[in-house]
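Student: Structure below; questions to follow.
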Amino acid sequence: MSTAEIVGTWLAAFFTLAILSFLYKDNPLYKFAEHVFVGVSAGYQLVRQTFDVAWPNLLQPLWGGLHRDVDTLKAHPQWAFYSIPLAFGLLMFARLWKPIAHLSRWPMSYIVGAFAGTSIIGAASADLVIQVQSSMVNLRGTGPWTLIDNPFSLALSTFGLVCALIYFFFSKEHKGALGVVARIGVYFMMVSFGGSFGFTVMGRLSLAVGRAQSLLVRTPLNPHAPWPALVGVVVVTALIVIWERKISPPSAGEG
Amino acid sequence: MKKQVPLLITFLVGSFMVVEYFITAPGIGALREGLYNSAVAIMALTMFLGTLNLVEINIPIIVRRRADWPYKIVLLGSLFATIGAGAWGAIAAHTTGGNVIASEDTGPLKYSYDYFYLPLAGTMFALLAFYIASAAFRAFRARSTEAALLLIAGTLVMLGRVPIGAQISEKLPLVSDWVMQVPNLAGKRAVLIGAALGAISTGLRVILGLERSYLGGD
């Protein structure tokens, strides 16, 4: 393990504990780690978007074409056309200069148009059709009955779907039989939200467990565990105590 | 002209993206892919605009010594350090004839990802678990039938996915799966179908120029 990796392991432990210190209260260590997180995230996304998206889809064909790179000319014979999206991309920066700020709407409208068109087809084919198709189940089940694959569960699922869809039907007032069915639809959606909520909580908890394991369990990536975490706890606690004393010094009668 | 040209661009690009799905003529698919990839690449370039915006907002705070200004130095420092790490790896790969894109998976950027981004992001999201739990305590009071159903479903799913759930009853994980696969699926499917219909109608409104909020004021 190199020195850089050892330093990285200790820093990772420190930042983890600095973020967790927010559970006590908002403090300078948390703010420090939070700002590092924002800066690193923004920088990381910028670099990844540049090299994973903008470079292969735009900059590389133009660069290769201008330098008469054989591979690029073979892969992108019409490389010069890439100057159009590049010009559109650069127009985005027009919003930094007020007299021509309105020109930044051109690339924005291009992006919005492309994604609006794609989302229509995507939503229709991937969500709408697939979901409706998947709802058309054989109520007798497809094999030996299980807790999920049995006539009762399948019928209940279909019934719940119809009721929940009726809840979204706003062309008629939800009164009488329609109101009852819509109400049942709400109940199904509440169970759905509860299930999704529980699922999300468990996902977040598993992340917390993962962080705890990475701090406390000795692995090739963290061969000094749990020392970085223990030292980190002491350092973070000491710094928070010093900060607390600084913002509210103990009164004369104390201690 | 300030609005007509953008509306025309949206209409032409958006309607082409829709119509292309129904046309099988040669070259149309490639044109669609080119247009789509261009949109994605333009979006990637907007990251530069976002970064410039971040700098533009934070520099005056530092210069005027406003509240929390030292943290803004930390923010900009970590931003430029990460960009520098990415650029360093790319330049090193380019000068040695290596793969520029692959360099981002092994070079200094990978270090920044492993030892800064990953622990910080993981802990940040893990922190939410505590706040979700506290929000759940307030939201899950069974004051109505709906809240009771939310409470029961949430509790069953959570208990069914931890070892203590199986200790209480070995049926609990099965019940948790049943909740996720039967009533949850029914509600989720209805929401998905509704959202798909909403996405289609919003997409059409945008293409036809009825929805113009993305153009901003003026």
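The values are calculated or read from the model by the stated rules, or taken from the named source; none is laboratory data. Every value quoted in this text rests on a predicted model; they were computed, and no experiment measured them. Note that we place each Cβ from the backbone using ideal geometry, even for glycine, and neighbour counts take in every protein chain shown.
Student: Would you confirm, using the coordinates I've provided, whether B:Ser103 is surrounded by 16 or more Cβ atoms within 10 Å (Cβ to Cβ), within 7 Å of chain A (Cβ to nearest Cβ) and at pLDDT below 95? Walk me through how you get there before you give the answer.
Tutor: Values: surrounded by 16 or more Cβ atoms within 10 Å (Cβ to Cβ): yes; within 7 Å of chain A (Cβ to nearest Cβ): no; at pLDDT below 95: yes.
It is false that B:Ser103 is surrounded by 16 or more Cβ atoms within 10 Å (Cβ to Cβ), within 7 Å of chain A (Cβ to nearest Cβ) and at pLDDT below 95.
Student: Given the condition under 20 Å from B:Arg138 (Cα atoms) and crowded, with 19+ Cβ neighbours inside 10 Å, answer yes or no: does some residue in segment A:163-186 qualify? Even if it seems obvious, please write down each step before you answer.
Tutor: If we filter segment A:163-186 for residues that are under 20 Å from B:Arg138 (Cα atoms), which is where we start, we get none.
No, that holds for no residue.
Student: Do the conditions hold for A:Val70, that is, is it surrounded by fewer than 18 Cβ atoms within 10 Å (Cβ to Cβ), of a type outside the set (S, T, N, Q) and under 18 Å from B:Asn99 (Cα atoms)? Please lay out each step first, then the result.
Tutor: Working: surrounded by fewer than 18 Cβ atoms within 10 Å (Cβ to Cβ): yes; of a type outside the set (S, T, N, Q): yes; under 18 Å from B:Asn99 (Cα atoms): yes.
So A:Val70 fits the description; yes.
Student: While we're on this one: Just the residues that are surrounded by fewer than 18 Cβ atoms within 10 Å (Cβ to Cβ) and either of a type in the set (A, V, I, L, M) or at the interface with another protein chain (Cβ under 7 Å from one of its Cβ atoms) (or both), please, taken from segment B:1-10. Even if it seems obvious, please write down each step before you answer.
Tutor: First pass over segment B:1-10, keeping only residues surrounded by fewer than 18 Cβ atoms within 10 Å (Cβ to Cβ): B:1-5, B:8.
Within segment B:1-10, B:Met1, B:Lys2, B:Val5, B:Leu8 meet the criteria.
Student: Can you tell me which residue within segment B:159-218, out of those that are hydrophobic (A, V, I, L, M, F, W, C) and either out of contact with any helix residue (DSSP H, G or I) (no Cβ under 8 Å at 6 or more places or on another chain) or more than 9 Å from chain A (Cβ to nearest Cβ) (or both), is surrounded by the most Cβ atoms within 10 Å (Cβ to Cβ)?
Tutor: Going residue by residue through segment B:159-218, those that are hydrophobic (A, V, I, L, M, F, W, C) are B:159, B:162, B:164, B:166, B:168, B:172, B:174-175, B:178-180, B:182, B:185-186, B:190-193, B:195-197, B:199-200, B:204, B:206-208, B:210, B:215.
Pick out the ones that are also either out of contact with any helix residue (DSSP H, G or I) (no Cβ under 8 Å at 6 or more places or on another chain) or more than 9 Å from chain A (Cβ to nearest Cβ) (or both) and you get B:164, B:166, B:168, B:172, B:208, B:210.
Numbers: B:Ile164: 8, B:Ala166: 16, B:Ile168: 11, B:Leu172: 18, B:Leu208: 14, B:Leu210: 10.
My answer is B:Leu172.
Student: Kindly indicate the residue of segment A:56-78 that is assigned to a loop (DSSP other than H, G, I, E, B) and touching a Phe, Trp or Tyr at 6+ places or on another chain (Cβ under 9 Å) and also nearest to the other protein chains (Cβ to nearest Cβ) among those meeting that condition. Lay out the reasoning, then the answer.
Tutor: Pass one, segment A:56-78, residues assigned to a loop (DSSP other than H, G, I, E, B): A:67-69, A:76-78.
Imposing the further condition that a residue be touching a Phe, Trp or Tyr at 6+ places or on another chain (Cβ under 9 Å) reduces the set to A:69, A:76.
Values: A:Asp69: 13, A:His76: 10 Å.
Among those residues, the one meeting the criterion is A:His76.
Student: Sticking with this structure for a sec: Could you tell me whether segment A:45-55 includes any residue that is more than 30 Å from A:Glu244 (Cα to Cα), more than 7 Å from chain B (Cβ to nearest Cβ) and of a type in the set (Phe, Trp, Tyr)?
Tutor: No, segment A:45-55 contains no residue that is more than 30 Å from A:Glu244 (Cα to Cα), more than 7 Å from chain B (Cβ to nearest Cβ) and of a type in the set (Phe, Trp, Tyr).
Student: Next question. Which condition from (1) more than 7 Å from chain A (Cβ to nearest Cβ); (2) more than 30 Å from the chain's Cα centre (by Cα); (3) assigned to a helix (DSSP H, G or I) is the one that B:Arg138 breaks?
Tutor: Every listed condition holds for B:Arg138 apart from (2).
Student: Additional query: When only residues in segment B:20-39 that are among the aliphatic types (A, V, I, L, M) and within 28 Å of the chain's Cα centre (by Cα) count, which is surrounded by the fewest Cβ atoms within 10 Å (Cβ to Cβ)? Quick ask: steps written out before the conclusion?
Tutor: As a first pass, look at segment B:20-39 and keep what is among the aliphatic types (A, V, I, L, M): B:23, B:25, B:28, B:30-31, B:35, B:39.
Those left that are additionally within 28 Å of the chain's Cα centre (by Cα): B:30-31, B:35, B:39.
Details: B:Ala30: 9, B:Leu31: 12, B:Leu35: 21, B:Ala39: 24.
Looking at the filtered set, the residue picked out is B:Ala30.
Student: When you scan segment A:217-237, do you find a residue that is within 27 Å of the chain's Cα centre (by Cα), facing another protein chain (nearest Cβ under 9 Å) and touching a residue at least 12 places away in the same chain (Cβ under 8 Å), even just one?
Tutor: There is at least one residue in segment A:217-237 that is within 27 Å of the chain's Cα centre (by Cα), facing another protein chain (nearest Cβ under 9 Å) and touching a residue at least 12 places away in the same chain (Cβ under 8 Å).
Student: For residues that are surrounded by fewer than 17 Cβ atoms within 10 Å (Cβ to Cβ) and of a type in the set (A, V, I, L, M, F, W, C), scanning just segment B:62-80, find the one that is nearest to B:Tyr115 (Cα to Cα).
Tutor: First pass over segment B:62-80, keeping only residues surrounded by fewer than 17 Cβ atoms within 10 Å (Cβ to Cβ): B:62-70, B:73, B:77, B:80.
Restricting the remaining residues to those that are of a type in the set (A, V, I, L, M, F, W, C) gives B:62-63, B:67, B:69, B:73, B:80.
Working: B:Ile62: 27, B:Val63: 30, B:Ala67: 29, B:Trp69: 25, B:Ile73: 20, B:Phe80: 16 Å.
For segment B:62-80, the residue satisfying everything is B:Phe80.
Student: With (1) of a type outside the set (S, T, N, Q); (2) under 25 Å from B:Gly84 (Cβ atoms); (3) surrounded by 19 or more Cβ atoms within 10 Å (Cβ to Cβ); (4) modelled with pLDDT of 90 or more as the list, and A:Leu58 as the residue in question, which single condition is left unmet?
Tutor: Of everything listed in (1) of a type outside the set (S, T, N, Q); (2) under 25 Å from B:Gly84 (Cβ atoms); (3) surrounded by 19 or more Cβ atoms within 10 Å (Cβ to Cβ); (4) modelled with pLDDT of 90 or more, A:Leu58 misses just condition (4).
Student: Can you pull out every residue in segment B:106-121 that is surrounded by 19 or more Cβ atoms within 10 Å (Cβ to Cβ), not in a loop (DSSP other than H, G, I, E, B) and not polar (S, T, N, Q)? Walk me through it before giving the result.
Tutor: Restricting attention to segment B:106-121, the residues satisfying the condition of being surrounded by 19 or more Cβ atoms within 10 Å (Cβ to Cβ) are B:107-109, B:112-113, B:115-117, B:119-120.
Next, only the ones that are not in a loop (DSSP other than H, G, I, E, B) stay: B:108-109, B:112-113, B:115-117, B:119-120.
Listed by number, the residues that qualify are B:Pro108, B:Leu109, B:Tyr113, B:Tyr115, B:Phe116, B:Tyr117, B:Pro119, B:Leu120.
Student: Residue under question is A:Arg105, and the condition is that it be more than 7 Å from every other protein chain (Cβ to nearest Cβ) and either in contact with a Pro (Cβ under 7 Å, 6 or more places away or on another chain) or under 23 Å from A:Asn57 (Cβ atoms) (or both); does it hold?
Tutor: no
Student: Which of the following residues is modelled with pLDDT under 90 and touching a strand residue (DSSP E or B) at 6+ places or on another chain (Cβ under 9 Å): A:Leu207, A:Leu221, A:Leu215?
Tutor: Details: A:Leu207 fails: touching a strand residue (DSSP E or B) at 6+ places or on another chain (Cβ under 9 Å); A:Leu221 fails: touching a strand residue (DSSP E or B) at 6+ places or on another chain (Cβ under 9 Å).
Just a single option satisfies the conditions, and that option is A:Leu215.
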